[in-house]
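Visitor: To start, I am sharing the structure in question, which I have written as structure tokens.
The values are calculated or read from the model by the stated rules, or taken from the named source; none is laboratory data. A quick note: this is a predicted structure, and the numbers were derived from the prediction, not measured. Neighbour counts are summed over all protein chains in view; Cβ atoms, including those assigned to glycine, are modelled from backbone coordinates with ideal geometry.
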Amino acid sequence: MEQAWLDELREFIAIPSVSADPTHRDDVVRAAEWLADLVKRSGGEAEVAPFGERELVLGEIPATAGNGSAPTVLVYGHFDVQPPAPLDLWESPPFELSERDGWYYGRGIADDKGQLYTLVKAAQLLAQNAQLPVNIRIACDGEEEIGGHTIVDFLEHVRVRTGARDLHSGIYGGSALNAIHALMQTLSALVAKDGLLADELRQGRAHLDGDELHSAEMLPSGDVLLDEAGAAPLDPKAGAEFYIRTWSEPSLDVNGINGGKPDFVNTTLPVEAQARFTIRLAPGQEVRQMQEAAEKLLRAAAPAGAELEITRENAAPPGRMPPDARAIELGLDAFERALGTRPLLVRAGGTLPIVPALEEKGIATVVTGFALPESAVHSPNERMRVEDIGRAVAAAQELYRSWAELG
């Protein structure tokens, strides 16, 4: 990787654009400005445009080759990052790009600053050599990691109240409702049994087709992936059913529970508890149907006497691109030329509402990247292989060249 590239990437990573932390609000804007400047240095135009309470980076790098009727390629990525906590688990400062043992380390190197950088850099190199055969349109946001209006998950917030005040367990224990217990009982209706959600939450899902099943057979087994991630299998069949569950089944995760005073020794029945959970929709499912089904299950499971408050925070539909779309076929060819091997088409969960939005308009979309399962995305010591920066740039260049055929 050229030193100039490394210097640019180091600058981008150094901006602590943590969208979830209000104290880093200015840093998110600074990352947007840095990205807009990169687009301008690439021969294009760009601006940081207000969008609700956040910003988008909107820009364009015009084609420098062709007959004047070049097709347009939309490049999406996000310039915000996850919080780096817990800091004590990082082996190097999270916002200082570090290299060791063939990997680059830093928050955002894999998700998504490093990936986004390679897409713009590829366009820049082609444009500088008068070889860019497509118009590049940039549309990137700084809120992907916090949901906002750009989330594919269906988020709910549940609050349970069981009385007027906390109660002494020695006097009321075993007789009065405990809010945390009531919340646990309520949430149990949504938790997967044997890896599958309740039938009401599985309606409408699109099953895997023959090509997708073949792709799954070519990939490492689910047992290997779970082991490499240091994850405990959900149940004995989790490894064997890994791709079916993660590609074609919805999933639900309780992301956090608040209630009581867990930091203190106390004998109290808490009166209130709350939880946030997310539902990952499978292709073919509808947001409203899932919302209604989840709420019905929660209310049916809540114990008598518990007051249940449910708040939907945000949502977006799932999306699935037809694998035989011309843009995708050209993309497969491009990656094979750049990397020497033909990629597999797989499904993957992700907070990218732009995908179903484009699908609805009939615009084929390729979602790709060079992070690996061991890249520790969203975790301490996030990393990306050194060799993959150059490979990603080369693959993106081939993509842009290939898509010129769509004009």
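Visitor: Please go through the stretch 356-388 and pick out each residue that is out of contact with any helix residue (DSSP H, G or I) (no Cβ under 6 Å at 6 or more places or on another chain) and within 24 Å of Val73 (Cβ to Cβ).
Guide: Pro356, Ala357, Leu358, Glu359, Glu360, Lys361, Gly362, Ile363, Val367, Thr368, Ala371, Asp388, listed by residue number.
Visitor: In contact (Cβ under 8 Å) with a residue 40 or more places away in the chain, over 25 Å from the mean Cα position of the chain (by Cα) and surrounded by fewer than 22 Cβ atoms within 10 Å (Cβ to Cβ), is that true of Ala14? Talk me through it step by step, then tell me what you get.
Guide: On the way: in contact (Cβ under 8 Å) with a residue 40 or more places away in the chain: yes; over 25 Å from the mean Cα position of the chain (by Cα): no; surrounded by fewer than 22 Cβ atoms within 10 Å (Cβ to Cβ): yes.
It is false that Ala14 is in contact (Cβ under 8 Å) with a residue 40 or more places away in the chain, over 25 Å from the mean Cα position of the chain (by Cα) and surrounded by fewer than 22 Cβ atoms within 10 Å (Cβ to Cβ).
Visitor: I'd like the residue in the stretch 35-52 that is under 17 Å from Asp7 (Cβ atoms) and in contact (Cβ under 8 Å) with a residue 24 or more places away in the chain and, out of all such residues, is surrounded by the most Cβ atoms within 10 Å (Cβ to Cβ).
Guide: Across the stretch 35-52, the extreme among qualifying residues is Leu35.
Visitor: Within the stretch 354-393, track down each residue that is at pLDDT below 85 and in contact with a Phe, Trp or Tyr (Cβ under 8 Å, 6 or more places away or on another chain).
Guide: Ile354
Visitor: Can you list the strands (runs of 3 or more DSSP E) found entirely within the stretch 246-355 that contain at least 2 residues being of a type in the set (Val, Ile, Thr) and under 25 Å from Tyr76 (Cβ atoms)?
Guide: Hits in the stretch 246-355: 272-280.
Visitor: Going through the stretch 371-391 one residue at a time, which ones are assigned to a loop (DSSP other than H, G, I, E, B) and more than 19 Å from Glu145 (Cβ to Cβ)?
Guide: We begin by selecting, within the stretch 371-391, every residue assigned to a loop (DSSP other than H, G, I, E, B); these are 371-372, 376-382.
The answer is Leu372, and nothing else.
Visitor: Looking at (1) in contact with a Gly (Cβ under 7 Å, 6 or more places away or on another chain); (2) free of Cβ contacts under 8 Å to residues at least 12 places away in the same chain, which one does Ile61 not meet, given that it meets all the others?
Guide: Of the numbered conditions (1) in contact with a Gly (Cβ under 7 Å, 6 or more places away or on another chain); (2) free of Cβ contacts under 8 Å to residues at least 12 places away in the same chain, the odd one out for Ile61 is (2).
Visitor: Does Ala300 satisfy being in the same structural domain as Gly173 (by TED's automatic domain parsing), modelled with pLDDT of 95 or more, over 22 Å from Val346 (Cα atoms) and surrounded by fewer than 14 Cβ atoms within 10 Å (Cβ to Cβ)?
Guide: So Ala300 fits the description; yes.
Visitor: Out of the stretch 386-407, which residues are small (Gly, Ala, Ser) and closer than 15 Å to Pro71 by Cβ?
Guide: The answer is Ser402, Ala404, Gly407.
Visitor: Would you say Asn135 is surrounded by 15 or more Cβ atoms within 10 Å (Cβ to Cβ), modelled with pLDDT of 95 or more and farther than 24 Å from Pro22 by Cβ?
Guide: Yes, satisfied.
Visitor: Report the residue count in the stretch 1-35 for those that are under 17 Å from Gly142 (Cα atoms) and either in contact with a Cys (Cβ under 9 Å, 6 or more places away or on another chain) or not in a helix (DSSP H, G or I) (or both).
Guide: Result for the stretch 1-35: 9.
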